[in-house]
Structures are given as structure tokens and as C-alpha cells.
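S.K.: Here it is, the structure, as C-alpha cells.
The values are calculated or read from the model by the stated rules, or taken from the named source; none is laboratory data. Please read these numbers as outputs of a predicted model, since none were measured by experiment. Cβ: placed from backbone, ideal geometry, glycine included. Neighbour counts: every protein chain shown.
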Amino acid sequence: MKVVYLNTQSNVAPSQRDNAMLYELISEHEPALRRFIRVRARANAPEVEDILQEMYTKLFSMDGLTSKIEARQDTFRSFLFTVVTNLIIDRERRAKVRAHEVHEPFSDTLYSTWSNEPEKQAGIAEKLIEIENVLENINPHHKSAFVLCRVEGKAYREISDILGVSVSTVEKYISAALTAIRNKVQD
């Protein structure tokens, strides 16, 4: 690790001298920071630059950082990596929030096709009538299980309690109803 001593008798203003020292220390560790960011954040080159810029902004805005660094130069590298890690975590959180807020825009072309195609509506209405006819003609237990499951959204366990049969029997009833519907609708 490189140790940098400040020249206290310089004509340069203290804040400029502090910034120059800080920049020199950071630039010593910058290649390692770049590799770390690229691997840890799975970032491309522009994203790496953005994270480094955020790090510089954060470090140069801290008051009294250079005096703290002079006292503890042995931990400066780990401090830099901690700052970068926190910046990466913050970016991931922001990305997660943004992704959560993403929504699919309404598209007239997608939703207007149903109203513009009366043939499809008529075909769907015919299929529903066929399904109702099948349900009227199948075993009443099969119909009850199917309606409780698919129409009312009840779980198999609830249906078994209502009908007084086992869960496997409910599965068989629903399967038989679906098979009857499938056979009739495919014809």
C-alpha cells in the first residue's frame, strides 16, 4: 500500500490538497474497484463508470475524510470496497423498485380485436352452450365437483368435505367431467 504524506507548507488551499490526496489514494485502488464492480454487479463498462462516479461523489462530499484516512490508511482499501458494495446494493434496490412499478401499457389493438370479431364471440358462446349441455347430462357428483372447483374456486380438500368423499374421489370426479367436456367440445 502506498503511503502519502501531506506537505503542510504548500501554498495550495487545504481543500484542494485534501482532494488531490484523496484522488491519489483512490486511483491507486481503482483497477481493483473496477474488477470488483464488473464481477459483483455484473455491470458493463458504462455502468462501472457510473458506479465509480457515484463513489467519487460520495467520498468527496464527506467532511474530514482526509484526516480520517491519514489516521487509518491501512483500512482505506476496505473502506472503498464497502462504499462501492453499498452503492451496488442501492442500485439493485432501485432497479427492483422500478421493475415492480413497470406495467404493461393498454393497447387498443390487443383488446379491440374481441369486440371487432363477432364470429369469435359467437363461437365462444356456442362452446359455452355445449359445455352447459354436457354438464347437464353427466353424473351429478361429477358436475358438483367440477362446478365447485372450476366455477367457485374451491380446493379439492374443501370439495371433499362438502361432498363427503375422499380427495382422490374428487380428483376422479373432476377428471371425468373434464374428459366429458373435452370429448363433446372437440367434436
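Residue-by-condition table, conditions (1) among the basic types (Lys, Arg); (2) in a helix (DSSP H, G or I); (3) surrounded by fewer than 17 Cβ atoms within 10 Å (Cβ to Cβ):
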position	(1), (2), (3)
Leu25	no, yes, no
Glu28	no, yes, yes
Ala32	no, yes, yes
Arg38	yes, yes, yes
Glu49	no, yes, yes
Tyr56	no, yes, yes
Thr66	no, yes, no
Glu70	no, yes, yes
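S.K.: For Ser61, only one of the following conditions fails: (1) modelled with pLDDT under 90; (2) surrounded by 12 or more Cβ atoms within 10 Å (Cβ to Cβ). What is its number?
M.R.: (2)
S.K.: Being among the small types (Gly, Ala, Ser), at pLDDT below 75 and on the phi < 0 side of the Ramachandran plot narrows it down to one residue among Ala71, Ala95; which is it? Break it down into steps so the answer makes sense when it comes.
M.R.: Numbers: Ala95 fails: at pLDDT below 75.
Going through Ala71, Ala95 in turn, just one is among the small types (Gly, Ala, Ser), at pLDDT below 75 and on the phi < 0 side of the Ramachandran plot: Ala71.
S.K.: On to the next question. Give all pairs with beta carbons closer than 9 Å in which a residue from the stretch 116-132 that is under 12 Å from Lys184 (Cβ atoms) meets a residue that is loosely packed, with under 11 Cβ neighbours inside 10 Å; count only pairs at least 6 apart in sequence or on separate chains.
M.R.: Note: pairs meeting the criteria are Glu130/Asp187.
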